[in-house]
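Working notes, beginning with the structure itself.
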Amino acid sequence: MVHKGVTQAELLALADKVLVKNYRQQPIVLERGRGSEVWDVAGTRYLDMTAGIAVCGLGHAHPAFTARVAEQLGKLVHVSNLYFNDQQILAAQAITERSFATRVMFCNSGAEANEGALKLARRYQAVVQAAPERTHFISTVGSFHGRSFATVAITGQPKYREGFGPLVGPVDFIPYGDLEAARAALAPRTACAIIVEPIQAEGGIVVAPPGYLAGLRAACDETGTILIFDEVQTGVGRTGKWFGHQHDDVEPDVMTLAKGLGGGVPIGAIACSEKAAAGLAALAGGAVPHATTFGGNPLACAAANAVLAIIESEGLLGRVAEAGDYLAGRLGELVAAFPGHVLDARGRGLLRGIAVSGNPGQVTAKCREQGLLVSIAGDKVIRFAPPYVVTHAQLDEAVAILRGVLADGAGK
């Protein structure tokens, strides 16, 4: 057992002994945070422009969020879905009040939300529409939808599927943003669902072109295909609206949420229309079609309720939009300052990035050494996904560090 006072080097050595080596963590052990800053066990301060990969929208240790979660810990943590709990019902109401959805099912992660959405679509076609032959999934090249067998199967990046076959299928991959390719894939009417991200986040911060999402809606209406928007990374305010697809004034049949919904407490959600919800509705005398022990537990749902309420009470949607525009301008300066090295700046709200010509891993490592935490999206993009409470001064500090790293030739 490790006691207080253990050094960072000792913890890293212990990690090397006891953890499965599936990750490639950077060599620091984080211990505490406040707002947009975190500290490791050695006391080194870092400016956090990752927010737990777009999770901690309220920042670290937000006082109101902390107090609400602590209060719930002292009341009720878990009861299972054999019973209702108040926080689950209220969290579902809070999501429906802010979205197209009329019904919500909770789970524990983005992968689980997407997996559940795929099951919903298959069962909707087979049971509700009496069309069991409609089994195809349509996804997009460059997409990322999770690490479970079904979600890795529909992830449009082959590197994530290597060594895990055979996978769930059939799946057809089409170019992202290509509406004609989508119409052609849906025309045979064998697809049960198409799943699309409003912004391909892990694919490199690729924003859907104007008219694309609306065109998908129309194509799905024509063919009876379930339209799923994966909002795991773009939802809950990250783009400056509650949900990323709201920029395009279009509604899916199903929306999946996770990451920012719990402010750091694990939670996922499948939010759907009344029509689509029939795909997971239990039938008299039949088995429960989809379930989860921990999904919708009181602690996670209290965290979600706190996140949604605080975003609203503190006006954080507007703040995200304004800070996102400011960050876009600062990142655009790097494109102008380093032609041929910084290829472009991209994104929406506080999901932003710059594409570099060489090795982005060098850039993130050098930034960490200078006290800045950023991450990689896709093959070439340095991602910024800071807390919604980030200040202009902190964004200026982050861009200044990144500028110095690029000036030293990192990533070429």
Checklist entry - What is the one condition in (1) over 15 Å from the mean Cα position of the chain (by Cα); (2) under 30 Å from residue 79 (Cα atoms); (3) not in a helix (DSSP H, G or I) that residue 300 does not satisfy? => result (3)
Next on the checklist: Looking at (1) in contact with a Cys (Cβ under 6 Å, 6 or more places away or on another chain); (2) closer than 30 Å to residue 382 by Cβ, which one does residue 22 not meet, given that it meets all the others?
Outcome noted: (1)
Next on the checklist: Condition (residue is among the small types (Gly, Ala, Ser) and over 23 Å from the mean Cα position of the chain (by Cα)) applied to region 94-107: is it met by at least one residue?
Outcome noted: no
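Could you tell me how many of the residues in region 53-65 are surrounded by fewer than 18 Cβ atoms within 10 Å (Cβ to Cβ) and under 30 Å from residue 382 (Cβ atoms)?
Narrowing region 53-65 to residues surrounded by fewer than 18 Cβ atoms within 10 Å (Cβ to Cβ): 53, 61, 63-64.
Within this subset, residues satisfying the condition of being under 30 Å from residue 382 (Cβ atoms) are 53, 61.
So the answer is 2.
Taking residue 95, is it at positive phi and in contact (Cβ under 8 Å) with a residue 40 or more places away in the chain?
It is false that residue 95 is at positive phi and in contact (Cβ under 8 Å) with a residue 40 or more places away in the chain.
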Checklist entry - Given the residues 79, 6, which is the only one that is surrounded by fewer than 16 Cβ atoms within 10 Å (Cβ to Cβ), in a loop (DSSP other than H, G, I, E, B), without any contact (Cβ under 8 Å) to a residue 40 or more places away in the chain and over 24 Å from the mean Cα position of the chain (by Cα)? => result 6
Checklist outcome for this item: Within region 82-105, of all residues that are assigned to a loop (DSSP other than H, G, I, E, B) and not hydroxyl-bearing (Ser, Thr, Tyr), the one surrounded by the most Cβ atoms within 10 Å (Cβ to Cβ) is 101
Checklist entry - Which of (1) more than 25 Å from the chain's Cα centre (by Cα); (2) at pLDDT 95 or above is the odd one out, the single condition residue 50 does not satisfy? => result (1)
Next on the checklist: Regarding region 32-40, can at least one residue be identified that is surrounded by fewer than 17 Cβ atoms within 10 Å (Cβ to Cβ) and part of a loop (DSSP other than H, G, I, E, B)?
Outcome noted: no
Item to check | Residue count for region 253-285, restricted to those that are outside any strand (DSSP E or B) and farther than 23 Å from residue 387 by Cβ | outcome: 14
Checklist entry - Scanning region 134-149 for residues that are more than 17 Å from the chain's Cα centre (by Cα) and hydrophobic (A, V, I, L, M, F, W, C), which turns out farthest from residue 116 (Cα to Cα)? => result 141
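The values are calculated or read from the model by the stated rules, or taken from the named source; none is laboratory data. Computed from a predicted model, the values in this text were never measured in an experiment. We place every Cβ from the backbone using ideal geometry, glycine too, and count neighbours over all the protein chains shown.
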